[in-house]
1. Count the net charge of all other residues whose Cβ sits under 10 Å from the Cβ of ILE161, scoring Lys and Arg as +1 and Asp and Glu as -1.
2. Ratio of the stretch 172-222's C-alpha Rg to 2.2 N^0.38 Å, to two decimals?
3. Averaged per residue, what accessible surface does the chain expose to a 1.4 Å probe, in Å²?
4. Ignoring everything except DSSP H segments at least 4 long, calculate the 222 nm mean residue ellipticity for the chain; use -39,500 (n - 2.57) per segment, divide by total residues, nearest 500.
5. Given the whole protein assembly as supplied and a 1.4 Å probe, what does the accessible area of TYR180 come to in Å², nearest 10?
6. Only helices at least 15 Å long along their axis, Cα-based, and averaging 1.6 or more on Kyte-Doolittle count here, so list those DSSP H runs from the chain.
7. Over the stretch 59-121, how many percent of alpha carbon pairs lie in each 5 Å bin up to the one with the longest distance?
8. Working with all protein chains in place, sort LEU188, LEU90 by solvent-accessible area computed with a 1.4 Å probe, largest first.
Amino acid sequence: MTDKKLFWSVFLNLTITAAEFIGGFISNSLALLSDATHNLNDSMAILISYIARKISKKQKDEKRTYGYKRVEILAAFLNTVFLIAIAAILIFEGIDKLMNPGEINGQLMLWVSVVGLAGNLITAILLFRDSKENLNLKATFIHIMSDTLSSVMIIVGAIFIMNYNWYILDPIFTFVISTYILFESFNLIKEISNILVQGKPADIDTFKIKEEIEKLSYVENVHHIHVWTTDGIDLYFEGHVALEQECDYKLDSYIKEINKILEEKFSINHSTIQLEQKLCE
Ligand SMILES: [Zn+2]
Ligand SMILES: [Zn+2]
């Protein structure tokens, strides 16, 4: 995404967020505050990945031998934990409102949510144009659809509150939006945690790697395998390769061939291979 487009989508999102927070407090609508929270998170997510991408371009140095790629993961983790906390608060507030419903200014709620919908649609167009060749297209589309849906839902709610004083719709919509935020957050936390505990990336099959390398005539077995990713993109492999007993080893060409398998079949481009004869028997 170009810097200019990025700036505008963040600016728009933050403007909607501010409008919804202020409108939510004045009109006494918790649903608006929930939507504001979601929009705040969207802006934060865009900003974090932007800033982190800048930082992670910094070359690795003697102190940070893996570079700065995990900065984005760390920032996303903090942002998500923060979001879960807010969603939990909204749900508690919603329960309170369900039991003691207060009056809500439906007209103000309606206007603010119309502004929110317009802002969301413009952001959607900005983001959508750029994600055309992106693999994340489907995820982005689903996200934008649900953003739009939650704005539409609040508009409908505001109309009912204006005309029939159905204040109970406000906490109900708060639950729907907060549950959605929690659902999104837990999925993200799961993904981030797996990266932070150096878990195996989901699409990598270590048994298959072992099998492929053991097909080589000079390999007796492969063991002590570790596969991990720094940032969800770059893949690392570490493993011991025990060689068949021969008298004329061509170590460099073995490593070259194993690296080729790792790179071509598994997209792993950082590997550390320990060649051994009988070390681990
Ligand atoms: Zn969103
Ligand atoms: Zn070993």
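The values are calculated or read from the model by the stated rules, or taken from the named source; none is laboratory data. Predicted model only: the values in this text are computed from it and were never measured. All Cβ positions, even for glycine, are placed from backbone atoms using ideal geometry, and neighbour counts span all protein chains on display. Areas reflect the complete protein model, heavy atoms only, side chains present, ligands, DNA and RNA absent. Shrake-Rupley method; radii C 1.70, N 1.55, O 1.52, S 1.80 Å.
1. Details: positive: none; negative: GLU103, ASP170.
Neighbour charge sum, excluding ILE161 itself: -2.
2. On the way: Rg = 19.8 Å, N = 51, 2.2 N^0.38 = 9.8 Å.
Rg over 2.2 N^0.38 Å, computed on Cα atoms: 2.02.
3. Working: 16430 Å² over 281 residues.
Accessible area per residue: 58 Å².
4. Numbers: 8 runs with 188 residues, N = 281.
Computed mean residue ellipticity for the chain: -23500 deg cm²/dmol.
5. Roll a 1.4 Å probe over it and TYR180 shows about 60 Å².
6. Values: long enough: 3-27 (35 Å, 0.84); 30-56 (38 Å, 0.57); 70-99 (44 Å, 1.67); 106-130 (36 Å, 1.36); 137-164 (40 Å, 1.37); 169-196 (40 Å, 1.05); 251-266 (22 Å, -0.46).
The qualifying helices are 70-99.
7. In order of increasing distance, the bins hold 4, 13, 9, 10, 16, 14, 9, 7, 6, 5, 4, 3, 0 percent.
8. Values: LEU188 75, LEU90 15 Å².
In descending accessible area the options line up as LEU188, LEU90.
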